Amino acid sequence: MIDNNPVYIALDFAKPQQVLDFLDRFETNGLAVKIGMELFYHTGPALIADLKGAGCQIFLDLKLHDIPNTVKKAMKGLAGFGVDIVNVHAAGGNTMMEAALEGLDQGTPPGKKRPKCIAVTQLTSTSQQMMNQYLLIGGKIEDVALSYARLAQSAGLDGVVCSPLEVPSIKKRCGKDFLTVTPGIRPAGSVEDDQVRITTPKRARELGSDAIVVGRSITKADDPLLAYHQIQAEWSEANE
C-alpha cells in the first residue's frame, strides 16, 4: 500500500519558481506531488532535492520506455534522487520492467528504501476507438489494462498507473496489495480537458484506487488550496 492513500498534485509547471510560488500556500510536510516530464526536463533533479527537503512525497512520472539496458541504467540514476515512486510503460515488456527493478536496486543508496516502481497500462487520454483503430490494439481497454497489470506483476513491479475504471478488475486478479495509482480525476462538473476515462475522487475511492493524481483541477483553480482540500475531503470521506 501507499502511505495515507495520497492525493498527488500534478505539478505541471515549467519553472522552479512557479512550483515554489504555487506550493507557498500549502503545508508541504507530507504533501504528495507528482513531477512529470514537463517539469523534470526543464529543471532537472535540483528541484526534487528541494521538495524532498520540504517533506514532500514525490511520484516521479517519467514513464520510461526503451530497451532493457537503457531503462536499467536510467533507473539506477533515478534511484539516487530519493523519490517515492517511479514508473515505466508496461508496453516495454517483461524484460524491460525486470531491468528497471534491477537498476533501482543497484542505485538505491545503502540503508535507503527502494522507490516503488509502477507501470503505465493505458493513458487516461486513450479512448476505446483510439486504442483499437489507431494503436491497433484489439479488445476492450479494461482487458488490455488488466493484461498489462498482470505482466507488470509478473515482472515484480509494485503496481500500475491506470484509470479508476479498471481498478476493480486489476485488484481482483492481482490482489489488494498491488498498487493502483489513478489519474483522470475530475470533480463533478469540471472540464474534461484531454482526459477520456475519468471519474470523481469519490468514485475513484469507491472503485478501490490506492492514490489519485489531480492536476489542472487544483493548479488552475481560482483558489488552489481550497480546491485541494475539497478534493481531499471527497476522497477521504468516500472510505468512511
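Points worth noting:
- The spread of Cα positions in the range 88-237, taken along each principal axis and listed from longest to shortest, comes to 45, 44, 26 Å.
- Relative contact order of the chain, defined on C-alpha pairs under 8 angstrom at six or more residues apart (%): 18
- Averaging the Cα positions of each part gives two centres, and for the range 76-119 and the range 199-233 these lie 27 Å apart.
- Only helices enter the 222 nm calculation for the chain: every DSSP H run of n ≥ 4 contributes -39,500 (n - 2.57), and dividing by all residues gives -11500 deg cm²/dmol, rounded to 500.
- Three-way shape call for the range 83-157 based on the alpha-carbon gyration tensor, with the a/c threshold at 1.5: prolate
- Between Q18 and K63, the contour length at 0.36 nm per residue exceeds the alpha carbon distance by 13.9 nm.
- Averaging the Cα positions of each part gives two centres, and for the range 120-173 and the range 19-42 these lie 28 Å apart.
- Stretched out straight at 0.36 nm per residue, the stretch from Y41 to S169 would grow longer than its current Cα-Cα span by 42.6 nm.
- In the elastic network of the chain, a GNM with C-alpha springs shorter than 10 Å, the most mobile of A152, A90, A221 is A221.
- Among G107, G215, G138: highest mean-square fluctuation, GNM of the chain, C-alpha pairs under 10 Å: G138
- Within a Gaussian network of the chain (alpha carbon springs, distance under 10 Å), most fluctuating of D222, D105, D84: D222
- Sorted peptide list for 96-104, 161-169, criterion being average Cβ within 10 angstrom, highest first: 161-169, 96-104
Values in this text are rule-based calculations from the coordinates and carry no lab data. Because the structure is predicted, anything quoted here is derived from the model rather than measured. Because the Cβ atoms are built from the backbone with ideal geometry, glycine has one as well, and the counts that use them run over all protein chains shown.
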